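Comments concern the structure below.
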Amino acid sequence: MKILIVEDEPRLLKALEKGLKQEKYTVETCDNGSTAMSLATTGEYDLMVFDRMLPGVDGLAITREVRAKGINTPILILTAKGQTRDKVDGLDAGADDYMTKPFSFEELLARLRALLRRPTENTGEILTLGDLTLNLTSAHCERRGRSITLTATELKLLEYLMRNPDRIITKDQIIDHVWDYDADILPNTVEAYMSYLRKKIDGGFKVKMIHTLRGLGYKFGLEK
């Protein structure tokens, strides 16, 4: 899962990035509103966290613009303003949740998990497609009762594919969602991991799930 964190306090931003990466999230960070506006309206994220008070453009303005463009990605607002009116303003701007500083990291994680569980398409801790099941809590994967052992990267890759079934997914999209934004990942690396995953998911099964579309990317789903 890829999360955008926008926070102008350097130590807090660094702490959030470190903590979320330890929880196996892919994290992209930003410390000002102008850059955040561009990232939030053009990038692809599973969840976005905005500080309310930012240099350039504030978090509420970014939230309004994101919603105006029809982007439904869950948004959580972080702020030092804790009055009821401030919370109402944040929610009315289009945010899904609102946290007042200071806060505990454990509570933030719980709120992020709750937002990620909200129904969009295939969301939640247990993903299922046909006879394939992936339990994100236990990192257990099986197909037709056969247990499949995945590395951490393979698990993140499979999660992304299962959340986007029957869509054309480019290598760049896979890199953005599975690896950290500053990782030096080449298209050949994606091809290698897709090959590893294909052997584990499709090996020995008549119906294939991972499909290569030459010149386009990949599609994940049951053959029709």
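Of the residues examined, Ile201 is not one that is of a type in the set (A, V, I, L, M, F, W, C) and within 19 Å of the chain's Cα centre (by Cα).
For region 7-20, the tally of residues that are under 15 Å from the mean Cα position of the chain (by Cα) and more than 16 Å from Glu106 (Cβ to Cβ) stands at 1. Checking Leu129 against (1) hydrophobic (A, V, I, L, M, F, W, C); (2) at pLDDT 90 or above; (3) out of contact with any Leu (no Cβ under 6 Å at 6 or more places or on another chain): exactly one of these is not met. Which one? All conditions are met except number (2). Only one entry in Leu222, Leu161 is of a type in the set (A, V, I, L, M, F, W, C) and either within 20 Å of the chain's Cα centre (by Cα) or at pLDDT 90 or above (or both), namely Leu161. Listed conditions (1) among the polar types (S, T, N, Q); (2) farther than 18 Å from Lys21 by Cα; (3) loosely packed, with under 13 Cβ neighbours inside 10 Å are all met by Ser138, apart from (2). Per the listing Val57, Val27, the residue uniquely assigned to a loop (DSSP other than H, G, I, E, B) and modelled with pLDDT of 90 or more is Val57.
Note on region 5-24: residues that are at pLDDT 90 or above and assigned to a loop (DSSP other than H, G, I, E, B) total 3. Look at region 196-207: where a residue is in the same structural domain as Thr149 (by TED's automatic domain parsing) and a partner is part of a helix (DSSP H, G or I) and not β-branched (Val, Ile, Thr), sitting 6+ places away or on another chain with Cβ atoms under 7 Å, you get Tyr196/Glu154; Leu197/Glu154; Leu197/Leu157; Leu197/Leu158. Scanning region 30-53 for residues that are in a helix (DSSP H, G or I) and not hydroxyl-bearing (Ser, Thr, Tyr), we see that the one that is surrounded by the most Cβ atoms within 10 Å (Cβ to Cβ) is Ala36. Please specify each residue of region 196-206 satisfying the condition of being closer than 15 Å to Ile148 by Cβ and either assigned to a loop (DSSP other than H, G, I, E, B) or polar (S, T, N, Q) (or both). Once the filter is applied, which keeps residues that are closer than 15 Å to Ile148 by Cβ and either assigned to a loop (DSSP other than H, G, I, E, B) or polar (S, T, N, Q) (or both), region 196-206 yields Gly203, Gly204, Phe205.
The values are calculated or read from the model by the stated rules, or taken from the named source; none is laboratory data. Nothing here was measured: the structure is a model prediction, and the numbers come from that model. Reconstructed Cβ throughout: ideal geometry from the backbone, glycine too, with neighbour counts over all protein chains shown.
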